[in-house]
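Before any comments, here is the structure.
The values are calculated or read from the model by the stated rules, or taken from the named source; none is laboratory data. Predicted model only: the values in this text are computed from it and were never measured. Cβ placement follows ideal geometry from the backbone for every residue including glycine, while neighbour counts extend to all protein chains displayed. Surface accessibility is based on the protein's heavy atoms, side chains included, excluding ligands, DNA and RNA. Shrake-Rupley method; radii C 1.70, N 1.55, O 1.52, S 1.80 Å.
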Amino acid sequence: MRDMAATSAQGWAQLRQQARSLETQTETHLHTYSQFSTQSHIPAKPTEEERSTESKLQELLERRETVIGQLNRLLDSEATLTSSALKQNNLALLRDKLADHRRDLARLRSGLHEARDRANLLGSVRDDISAYRAANPEAAEADYMLDERGRVDRSHDAADSVLSQAYAVQEGFALQRETLANINRRITHAASHVPGINTLIGRISAKKRRDGIIMGSFIAFCFLMFWFFT
């Protein structure tokens, strides 16, 4: 009896490991399959790589379904097996993951088909326009002139936008200058009504002039000494 239980446990572990390995392979191929719909140029028909990836995904999903069925039968045949509740939970997780991957594949397949249909429609429209222009050179020339006119208009709009921004900045500077001038006038007006302020300002100005005269005289003296001794 113990040998049968050990054999069953070993079989369960191997099947569960196989199921997890197939899950990982499925996720890798789903990632590859998702990139087909994000290409800059989607081919009109599925490529060999795309068909191969989709076929591989279908195969992996079927193999996982088979393994899950084997796990379920093994669990049913050993109802008295210890830790059966944990194994039932593991089996439920494997089923949920399989269902998620089936939905992911269906969603990716639908998105890829829609992207291919849009690309084919745009390509068909471009082909019709090219054929029309080839059959009507005058219309093609008129379309070219309209395109050029549109580019010129866009250039003018960009230039107008830049000029508008420059005028706005200039007006902002003028407003700041006016604000600073008003502040200066208010300070001067207020200072004229405070006793001693004008005298203090005059002394500061005089001190600055005196310091300037002293510094200038010192520089001139140094220059004369340098000229005299060289």
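General observations
- Residue ID - farthest from SER110 (Cα to Cα), chosen from residues in the range 30-80 that are among the small types (Gly, Ala, Ser), modelled with pLDDT under 85 and in a helix (DSSP H, G or I): SER77
- Within the set LYS56, LYS45, the sole residue that is of a type in the set (D, E, K, R) and surrounded by 12 or more Cβ atoms within 10 Å (Cβ to Cβ) turns out to be LYS56.
- Output for the range 17-36, where each listed residue is open to solvent by 40 Å² or more (accessible area, probe 1.4 Å), hydroxyl-bearing (Ser, Thr, Tyr) and within 22 Å of ALA115 (Cβ to Cβ): THR28, THR32
- Residue under evaluation HIS193, criteria (1) open to solvent by 100 Å² or more (accessible area, probe 1.4 Å); (2) at pLDDT below 75; (3) within 57 Å of the chain's Cα centre (by Cα), criterion not met: (3)
- Any hit, the range 81-99, residues being assigned to a loop (DSSP other than H, G, I, E, B), more than 16 Å from LEU15 (Cα to Cα) and among the aliphatic types (A, V, I, L, M): yes
- The residues of the range 81-111 that are modelled with pLDDT under 85 and open to solvent by 50 Å² or more (accessible area, probe 1.4 Å), listed by number, are THR82, SER83, ALA85, LEU86.
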